[in-house]
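FYI, it's all coordinate maths here, none of it is from the lab. These numbers were taken from a predicted model, which means no experiment stands behind them. Heads up, the Cβs are rebuilt from the backbone with ideal geometry, glycines too, and the neighbour counts pull from every protein chain shown.
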Amino acid sequence: MHRSKSQVRTSILAARRAVPAHVHDAEAADLAGHLGAAVKPGSTVCGYVPVGSEPGSLTLIDTVLQQGATVLLPVAREDPDGTPQPLQWGRYRPGELIPAPFGLREPPPPWLPPDAVAQASLVLVPALAVDRRGVRLGRGAGFYDRTLHLARDAALVAVVRDDEILDRLPAEPHDVRMTHALTPHRGLVALASGINQPG
């Protein structure tokens, strides 16, 4: 029996909330260690600041910065009618993040337009799960779906826990497929859609 996206979301969110803080922190450190080797000095990496039980940490973003890369973080806004806009981007500088809508933290203005993602060689994408074909399960808001088609030649990396790489997720025509997953124990995993190498 195939589960719907909402059923998978509910299950994974519950499992993430049950992860002890020390396990989350250890996994975040492992993610940062794996990612450092994939980042080339002088490159641009789009990252994100995790919220709640999402995998990752500010340390992961700092690791990318320490590798000599420019780090861009997403700025999420909605139209007056509640429709998500394509993500804008702000340059990450440690200590300068400000509170943002949806419980996020983001760089202060000035911000770059959505197509700034085209500068990136690697885009870290928050995900609840990803399947072996590269189909990503997000939270359903649609910000990344409206943005990632602009990334062109970037490696699109879903950041998930090890058991969140699934055999198959429901796919929709607008889904942008991930090329890789990044997990705490397996590191960078190429997916079936993966044609773009990080770096």
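Tabulated results
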read-out: Positive minus negative residues near A28 (Lys, Arg vs Asp, Glu; Cβ under 14 Å); value: -4
read-out: Net charge of neighbours whose Cβ lies under 13 Å from the Cβ of L166, counting Lys and Arg as +1 and Asp and Glu as -1; value: +3
read-out: Cα gyration tensor, the chain - rounded (a/c under 1.5), prolate or oblate; value: rounded
read-out: Vicinal HN-Hα couplings computed from phi for region 44-56 (Karplus, 6.51 cos²θ - 1.76 cosθ + 1.60; Hz; Gly/Pro x); value: 10, 10, 8, x, 7, 9, x, 10, x, 8, 4, x, x
read-out: Potential extension, E96-Q66 segment - 0.36 nm per residue separation minus Cα distance; value: 9.2 nm
read-out: Cα gyration tensor, region 19-75 - rounded (a/c under 1.5), prolate or oblate; value: oblate
read-out: At R0 = 41 Å, FRET efficiency that the Cβ-Cβ distance of E78 and A37 yields, to 0.05; value: 0.65
read-out: Alpha carbon centroid spacing (whole Å) that separates region 130-149 from region 5-25; value: 18
read-out: Simple spin-label estimate for R152 and R105 in nanometres, 7 Å along Cα-Cβ; value: 3.2
read-out: Approximate spin-label separation T59-R186, in nm, with each point projected 7 Å along Cα-to-Cβ; value: 2.3
read-out: In order through region 30-37: 3J(HN,Hα) via Karplus (6.51 cos²θ - 1.76 cosθ + 1.60), integer Hz, x for Gly, Pro; value: 5, 4, 4, x, 5, 5, x, 6
read-out: Top of A129, A38, A154 by mean-square fluctuation, Gaussian network on the chain, Cα under 10 Å; value: A38
read-out: Potential extension, A21-A171 segment - 0.36 nm per residue separation minus Cα distance; value: 50.8 nm
read-out: Amide H contacts under 5 Å for V159, placed H, 5+ residues apart; value: V125, A127, L182
read-out: Formal net charge of residues neighbouring L60 (Cβ-Cβ distance under 15 Å; K, R +1; D, E -1); value: -3
